[in-house]
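Take a look at the structure set out below.
The values are calculated or read from the model by the stated rules, or taken from the named source; none is laboratory data. Note that the structure is predicted; figures quoted are calculated from it, not measured. Backbone-built Cβ (ideal geometry, glycine too); neighbour counts: all protein chains shown.
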Amino acid sequence: MTTVTPVRRTRRIVGLAAAVAAAATAVAMVTGVTGSAAYAVSKGSDGTVEVQINSFVDPEGLESELAEAGITSVVDYLPAGQTCKQPRGENGAADGKFAAGISKAGDGIAFEIKEGEVPADSTLVLAVTKSEDGDSEPPSTVSLQIVKGTVAPCEPTSAPTIPPADNETGATTDKQDNGPTLDQGTEEGQGVTNKND
């Protein structure tokens with residue numbers, strides 16, 4: 001009797017270990033497919049990389065996902081009222097211009113990078129000014145640019161103020177050009193800066 005009991009326990013432990021290993025594998029496979037609840041990165045057959053950010057946490061994880069898709073990146077999430085001091089480095093856009101459409105996606109943002117837009121010696125630099133209402137709320141400012149060579153560390157500075165919206169039209173009452181809207185924009189030089197109402 002004494003020799004039979006350990007064998008049964010061993011079998012149960014081995015069976016339990018196998019079940020746990022199978023469950024861990026399933027979780028890892030699901031995580032690999034979905035990316036993260038905070039963000040998703042996918043690469044199309046034409047080389048276009050699509051990025052959707054749902055919550056502005058884990059910038060290092062997003063950098064890692066972009067690297068797997070073939071894009072070197074620096075991602076900075078800053079508290080409300082802060083942005084990174086410019087310039088962060090030399091303009092690295094392939095033809096001197098960089099166009100990116102940043103659109104709202106739920107409470108987050110989405111954008112795509114076409115193959116070749118970020119040359120091998122350059123880095124995609126994303127700086128997001130988070131909402132006062134939390135990490136999962138729409139950001140107030142988004143800056144997306146391509147930097148050639150070394151990217152300067154983010155030196156937090158005050159973000160530009162956004163004029164109040166006209167209650168009837170949703171348009172700003174200030175006549176100054178505050179940059180492109182969240183769903184469009186082409187800018188020569190450093191890249192695109194988008195502001196959310």
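This table checks each residue for (1) modelled with pLDDT of 90 or more; (2) in a strand (DSSP E or B); (3) closer than 22 Å to V41 by Cα.
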residue: A93; (1), (2), (3): no, no, yes
residue: S136; (1), (2), (3): yes, no, yes
residue: P139; (1), (2), (3): yes, no, yes
residue: L144; (1), (2), (3): yes, yes, yes
residue: C154; (1), (2), (3): yes, no, no
residue: P180; (1), (2), (3): no, no, no
residue: T193; (1), (2), (3): no, yes, yes
| request: Could you please find all residues in segment 62-112 being small (G, A, S), more than 25 Å from T161 (Cα to Cα) and surrounded by fewer than 19 Cβ atoms within 10 Å (Cβ to Cβ)? | output: S64, A67, A69, G70, A94, G96
| message | Given (1) part of a strand (DSSP E or B); (2) of a type in the set (D, E, K, R); (3) modelled with pLDDT under 95, identify the lone condition not met by E117. | response | (1)
| Any chance segment 156-178 includes a residue that's assigned to a loop (DSSP other than H, G, I, E, B), surrounded by 15 or more Cβ atoms within 10 Å (Cβ to Cβ) and modelled with pLDDT of 95 or more? | no
